[in-house]
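Undergrad: One structure follows; several queries about it will come next.
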Amino acid sequence: QVQLVESGGGLVQPGGSLRLSCAASGSIFSIDVMGWYRQAPGKERELVAVIVSGGNTNYADSVKGRFTVSRDNAKNALFLQMNSLKPEDTAVYYCCLLQNGAASWGQGTQVTVSS
């Protein structure tokens, strides 16, 4: 079983920055993909950014050039640097880990962008 714990969310003004972290623990053997998803009120959960085992990354068009996903393989940690935040980035952000075809999710961390 895999446990994921997100941290780093909060309230920030438009144009500000936040850095999210995700700590993975438990039965981790060979991670295929780690990534960030988000869900705004009344909307479906959507992909924000993912990083595969080889290091390649993929971003939602809405965050390209503003968000950067990175991973510390030694610590099984995932990060999301979010710059130039907009009110539409407001959502609960979830960490996801895919291993051997099985997905694990964290409990989420709230990000609110408002003046």
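Undergrad: How far is the Cα center of region 1-54 from the Cα center of region 84-98, in Å?
TA: About 7 Å separates the Cα centre of region 1-54 from the one of region 84-98.
Undergrad: By a straight-distance test (C-alpha under 19 Å), which lysines pair with K86 as possible cross-link partners, with residues fewer than eight away in the same chain excluded?
TA: K43, K64
Undergrad: Residues with beta-carbon under 12 Å from that of T90, excluding T90: net charge, scoring Lys, Arg +1 and Asp, Glu -1?
TA: Summing Lys/Arg as +1 and Asp/Glu as -1 gives +1.
Undergrad: Exactly which trypsin sites (Lys or Arg not before Pro) in region 47-90 are in a DSSP loop and have at most 16 other Cβ atoms within 10 Å?
TA: K64, R66
Undergrad: Which value in nm describes the separation of the simple spin-label points at A40 and R19, placed 7 Å from the Cα toward the beta carbon?
TA: 2.6 nm
Undergrad: Here is a follow-up. What does the net charge come to around S114 if you take all other residues with beta carbon closer than 13 Å to its beta carbon, with K and R at +1 and D and E at -1?
TA: Net of charged neighbours comes to -1.
Undergrad: Please compute the contact order of the chain in relative form: average sequence separation of alpha-carbon pairs under 8 Å and at least six residues apart, divided by the residue count, as a percent.
TA: 37 percent
Undergrad: By how many nm would the segment from S53 to Q110 grow when fully extended, if each residue of separation counts as 0.36 nm and the alpha-carbon distance is taken off?
TA: Difference between extended and current length: 17.9 nm.
Undergrad: Quick one: give the max-minus-min coordinate of the C-alpha atoms of the chain along each principal axis, largest first, in Å.
TA: Principal-axis extents of the Cα atoms in the chain, largest first: 43, 24, 23 Å.
Undergrad: Now for a separate question. Whole-Hz ³J(HN,Hα) for each residue in region 71-77, computed from phi via Karplus 6.51 cos²θ - 1.76 cosθ + 1.60 with θ = phi - 60°, x for glycine and proline: what do you get?
TA: Values, residue by residue: 9, 10, 5, 5, 9, 6, 10 Hz.
Undergrad: Moving on to the next point. Give me the extension gain from Q1 to N83: residue separation times 0.36 nm, minus the current Cα-Cα distance, reported in nm with one decimal.
TA: The Q1-N83 span can extend by a further 26.2 nm.
Computed from the coordinates by the stated procedures, all read-outs in this text should not be read as laboratory data. Nothing here was measured: the structure is a model prediction, and the numbers come from that model. Note that each Cβ is placed from the backbone with ideal geometry, even for glycine, and that neighbours are counted across all protein chains shown.
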